[in-house]
Amino acid sequence: FTSIHTPKNNSTSVAEDPQLRTIQHHYYYYQTFSTKKHHPNPANLDTMNDNDVNKSAEDDCWDAFGSDSDVDDDDNEESSLNNQDGSQLKNSGAHIATALESAADATALDMTQYFVSLMRSTEVPLKDRFVAIGPERTSGDDEKVQARVGFSTIMEGRVTARGIKTASQALSVHHMREICDAAVIFGDELCQGKSKSPENSFIRQGLLAGGVLWLIVPITGMGDGEQLVNIHNQYSEAVWDTESAQTIHSSSHFHVIRLNKRACLVNAWTCPWMDKAAKIGMGTQANLPFGMTNESDIIPRSSETYLQYERRVASDLTITPSVAERTKEKIDVSQTEVPVYATVLTEANTRKAICTLQNHGFVIIKGLLPPEQTIPWGKAVLSDFASAVERLKNHPTRPVDLINPQTATSGEHRAFEPLSYKEMAMREDLRVDLRSGPEMEMLRRVENDLAFQSMKMDDGDDENNLNDGPSTVNAMLMGTTRSWRFHPSLVAILKHTFNPRNEALFKGNFGRWNFGGSGPDGSPQPFRIGQIGSVLSCPGAADQAIHADTPHLFETIDCLPCHYANVFTPGYKITNEPSNAVIKNEFDTDGNWTGNSSMGGTALVHGSHKLSVSAMLLSDDGDESTVLHRKEVLQLKTIRPSLDVGDVVIFDNRTLHYGLANTSCSESAENSDTGRRPLLYLNVTQSWFHDPKNWDNFSKIF
């Protein structure tokens with residue numbers, strides 16, 4: 001079923017296209033024999049022959065994917081408005097109602113085809129998709145307004161007939177706030193003089209990253225092209241892929257426009273020295289074989305700006321879990337009556353994440369971790385950092401002011417440089433790597449105890465083995481949702497990233513018999529997951545220099561399998577507080593975050609985990625034009641993903657990257673923690689690799 005591709009041309013007749021007709025029949029068998037709910041007598045299903053199936057369910061099968069009438073809606077409208085005598089009805093309200101039904105049919109068909117096309121890459125079936133349907137605006141005497149009454153009921157009927165759930169069902173089943181994989185609303189804001197409704201804004205907020213929005217747009221004298229242009233005025237390009245908006249249905253009264261929400265946002269406020277608004281130069285595109293040397297590179301489109309390309313690449317490198325994946329497992333981490341859910345990726349999305357990480361050097365996963373597990377870590381980091389600031393400032397022999405590193409703090413008016421300590425290592429001014437502190441240790445003991453009990457994993461009798469240093473993960477460990485450190489999807493992605501297998505070669509690894517090994521069975525080798533730490537940047541922290549966190553092991557092969565990776569996730573939530581004079585976050589008119597924030601983030605250069613790419617980007621060889629071209633390609637390949645609470649980026653530590661400046665204003669902060677950005681991390685390595693970081697285990701703060 002999933003190997004048959006649905007035609008992209010919606011004008012193709014279902015009856016004329018044998019491929020789509022085959023899909024319909026496969027869909028019927030899938031729905032009938034997997035759920036056994038379409039036939040009136042499920043007990044007789046096993047004895048039915050093909051003729052019985054076709055005869056009893058022909059209409060159900062065709063309705064599931066839309067009838068042939070979806071193809072030419074204008075003809076249907078006209079024919080439905082003629083009575084038996086051939087005279088056309090003059091009731092324009094009935095005409096509009098018929099046009100709405102045609103729009104509902106076309107939308108449901110396009111939606112079904114869209115979700116079916118994703119089944120191969122996500123393994124999320126139609127029955128696990130959730131769609132929000134916006135209310136019709138029924139105030140006013142306008143005929144077009146009055147004719148909309150009942151549209152949401154009609155649309156819901158079309159959707160549920162195809163096995164897709166509605167957002168109301170999602171709420172009743174999962175007791176969650178309204179989140180959806182797709183949505184259908186009236187696009188009145190695309191008409192002149194119309195404003196966005198609060199109800200539709202709420203739906204657009206609840207639409208998951210990477211989701212699809214279908215707009216039913218009344219025709220008010222504006223052409224199709226004008227309405228598509230108006231999308232750019234009403235929908236933020238930072239949040240929505242307005243360049244790819246597409247009209248999928250037109251009639252005399254309504255257009256249906258499909259619009260995608262971006263899978264990943266970027267922080268366009270950072271790196272002011274980059275001209276991301278400029279169009280990608282012809283020279284850059286003409287020399288792509290020089291600048292883009294890998295098959296996995298994403299080629300720029302004609303007339304695309306650097307920022308448009310960056311947004312497209314960021315979304316392409318992002319995994320967007322569905323509602324079903326986000327509600328896969330319920331966990332108990334709070335004392336409230338509201339249940340907390342942990343996202344667990346399907347096997348297909350896990351494989352996609354592994355492939356993206358291997359090909360591009362990093363992968364972004366939206367909403368993977370419950371905020372209830374990461375926010376407490378962010379608070380613990382901020383508390384321990386504040387304590388460290390006070391302790392070092394009042395040090396009896398060597399006082400250091402971490403917040404004002406250039407300020408004299410001794411009686412001799414001498415500025416002491418910050419050192420590295422057991423609990424904390426300095427990265428640059430106003431940016432520290434904090435791996436331990438009283439609050440962090442207390443939280444670590446609780447979470448590790450829960451995690452190890454849940455996994456029935458023994459890490460030695462000594463408690464220090466549990467809470468101090470990395471833990472070894474063997475091939476059989478599946479992880480647990482009790483702690484985000486051992487999240488099952490993270491464990492699966494990292495296990496296979498560290499252990500890529502060649503089916504034709506793994507049986508030759510006879511050395512695995514040594515030291516009591518299992519022999520050349522191709523099973524994953526153990527790897528190590530470090531304790532949760534945090535890179536904390538304070539207001540005033542500048543852009544880091546571009547760097548990689550670990551060297552390549554050998555310089556004769558472009559890219560060996562990963563031996564060291566990092567997992568980043570925010571320990572804070574992006575909030576919309578216009579009165580906050582310290583942190584500036586930008587939101588669109590619906591309340592969707594645009595990705596822009598004064599707190600910065602991390603920039604990564606996709607593909608730079610490969611020696612050939614890094615050598616090309618950072619080499620000093622060549623004349624002036626060659627060096628300029630390298631800078632253009634470096635700018636092109638630099639991605640600044642914006643992460644909100646629960647989002648994760650996993651990156652190969654050979655990937656070029658750098659921390660972005662925190663431009664929040666600290667001077668007006670009443671709370672000293674305001675504007676400080678705790679980015680949580682996990683260091684993950686092959687079991688045999690040791691990272692000689694610049695910690696000083698003999699110099700302690702606490």
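Points worth noting:
- Exposure check, 1.4 Å probe, all protein chains in place: His657 carries approximately 10 Å² of accessible surface.
- Approximate spin-label separation Ala278-Ser619, in nm, with each point projected 7 Å along Cα-to-Cβ: 2.2
- If you take all other residues with their beta carbon under 12 Å from the beta carbon of Pro524, and give Lys and Arg +1 and Asp and Glu -1, the sum is +2.
- Prolate/oblate/rounded label for segment 613-702 (Cα gyration tensor, a/c 1.5): oblate
- Averaging Cα coordinates gives a centre for segment 537-602 and one for segment 240-260; these two points are 34 Å apart.
- Distance (nanometres) between label positions extended 7 Å along Cα→Cβ at Glu390 and Ser303: 6.0
- Applying a DSSP loop filter and a limit of 15 other Cβ atoms within 10 Å to the GluC sites (Glu not before Pro) in segment 630-692 leaves Glu667, Glu670.
- Shown here are the Rg and Dmax of the Cα trace of segment 451-572, at 17.7, 55 Å.
- Available extension along the chain between Thr220 and Thr153 is 21.7 nm, counting 0.36 nm per residue and deducting the alpha carbon span.
- Net length gained if the chain between Thr397 and Asn697 were fully extended (0.36 nm per residue, minus Cα distance): 106.1 nm
- Stretching the chain fully between Phe689 and Asn233 yields a gain of 158.9 nm (0.36 nm per residue, less the alpha carbon separation).
- To the nearest 10, the accessible area of Glu372 is 80 Å² with a 1.4 Å probe.
- Here the Karplus relation 6.51 cos²θ - 1.76 cosθ + 1.60, evaluated at θ = phi - 60°, turns the backbone of segment 102-114 into coupling constants of 5, 5, 5, 4, 5, 5, 5, 5, 5, 4, 5, 4, 5 Hz, with x for every Gly and Pro.
- FRET E, pair Thr589, Asn671, Förster distance 25 Å, beta-carbon r, rounded to 0.05: 0.30
- Charge tally in the Cβ shell below 12 Å around Thr626, where Lys, Arg are +1 and Asp, Glu are -1, Thr626 excluded: -3
- Where Val184, Val446 fall by accessible area, highest first, once all protein chains stay in place (1.4 Å): Val446, Val184
The values are calculated or read from the model by the stated rules, or taken from the named source; none is laboratory data. Given the structure is predicted, the values throughout are model-derived calculations rather than measurements. As a convention, Cβ positions derive from the backbone with ideal geometry for all residues, glycine included, and neighbour counts pool all protein chains shown. The accessibility values were calculated without ligands, DNA or RNA, using every heavy atom of the protein model including side chains. Shrake-Rupley method; radii C 1.70, N 1.55, O 1.52, S 1.80 Å.
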